[in-house]
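Asker: One structure is given below, represented as structure tokens, and several questions about it will come after.
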Amino acid sequence: MSGGILVLNGPNLNLLGQREPTLYGNQSLEEINQELEEMASATGIRVEFFQSNHEGELVDRIQQARDDFELIIINAGAFSHYSIALHDALRAVNLPVIEVHLSNIYTREEFRHQSLISPVAVGGIFGFGALSYRLAFLAACEIIKKGVRSKG
Ligand code: DQA
């Protein structure tokens, strides 16, 4: 089956709900994904989820997405700030990418101010906690409805 949205999460995001809740909120990744699943079924858009703490596994999943999905939503966690491999993989698959962060990375430590995902993304949403994912999903649905299948 092809088409739809692939939602990727990077390292430590499997700990959402328990991890620094004042920064990242109380919702688990499963709960966030469940909300996206509900949005997907309401719009009839297919969605799949993948989380890994391993850079190479994320690269593999991005490569496999090439012919299977129309768009990628990614919170690459700490990899956002230094992974040239994820940057290259996203660039290589040439699907529209939406970057997500729960926190506002620009008001935090300086090492979080750079993102290597942003240059290969159509846009990004950060700072709204779990709502960042739902806003990104909304944007993704609009992009798919308009038939924008590639970054060009
Ligand atoms: C994060 C921000 C990153 O700096 C951090 O390493 C994360 C989470 C966020 O969603 O706010 O793991 O991507």
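The values are calculated or read from the model by the stated rules, or taken from the named source; none is laboratory data. If you're wondering where the values come from, they're calculated on a predicted model, not measured in any experiment. All Cβ positions, glycine included, derive from the backbone under ideal geometry; neighbour counts span all protein chains shown. With ligands, DNA and RNA removed, areas are computed over all heavy atoms of the protein, side chains included. Shrake-Rupley method; radii C 1.70, N 1.55, O 1.52, S 1.80 Å.
Asker: Can I45 be described as among the β-branched types (V, I, T), in a loop (DSSP other than H, G, I, E, B) and farther than 24 Å from P119 by Cβ?
Answerer: yes
Asker: Among the residues of the stretch 59-82, count how many are touching a Phe, Trp or Tyr at 6+ places or on another chain (Cβ under 8 Å) and more than 13 Å from the ligand (Cβ to nearest atom).
Answerer: Number satisfying all stated conditions: 1.
Residues checked against (1) more than 15 Å from G10 (Cβ to Cβ); (2) among the small types (G, A, S):
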site	(1), (2)
V59	no, no
R91	yes, no
F111	yes, no
A121	no, yes
G129	yes, yes
E142	yes, no
G147	yes, yes
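Asker: Considering each of E57, E20 in turn, give the residue that is loosely packed, with under 13 Cβ neighbours inside 10 Å and among the acidic types (D, E).
Answerer: Exactly one residue qualifies, and that residue is E20.
Asker: Related question: Q27 is checked against (1) out of contact with any strand residue (DSSP E or B) (no Cβ under 8 Å at 6 or more places or on another chain); (2) away from the ligand (no atom under 16 Å from the Cβ); (3) open to solvent by 50 Å² or more (accessible area, probe 1.4 Å); (4) in a loop (DSSP other than H, G, I, E, B) and fails just one. What number does that condition carry?
Answerer: Result: Q27 passes all but (2).
Asker: I need the full set of residues from the stretch 93-103 which are of a type outside the set (D, E) and either touching a helix residue (DSSP H, G or I) at 6+ places or on another chain (Cβ under 7 Å) or within 8 Å of the ligand (Cβ to nearest atom) (or both), in order please.
Answerer: Correct list: V93, L95, P96, V97, I98, V100, H101, L102, S103.
Asker: Let me ask something else. Within the stretch 106-124, track down each residue that is near the ligand (Cβ under 10 Å from one of its atoms) and in contact with a strand residue (DSSP E or B) (Cβ under 7 Å, 6 or more places away or on another chain).
Answerer: Across the stretch 106-124, the qualifying residues are S115, I117.
Asker: Here are the criteria: (1) away from the ligand (no atom under 15 Å from the Cβ); (2) open to solvent by 70 Å² or more (accessible area, probe 1.4 Å); (3) over 14 Å from the mean Cα position of the chain (by Cα); (4) under 29 Å from Q18 (Cα atoms). Tell me which single one A85 does not satisfy.
Answerer: (2)
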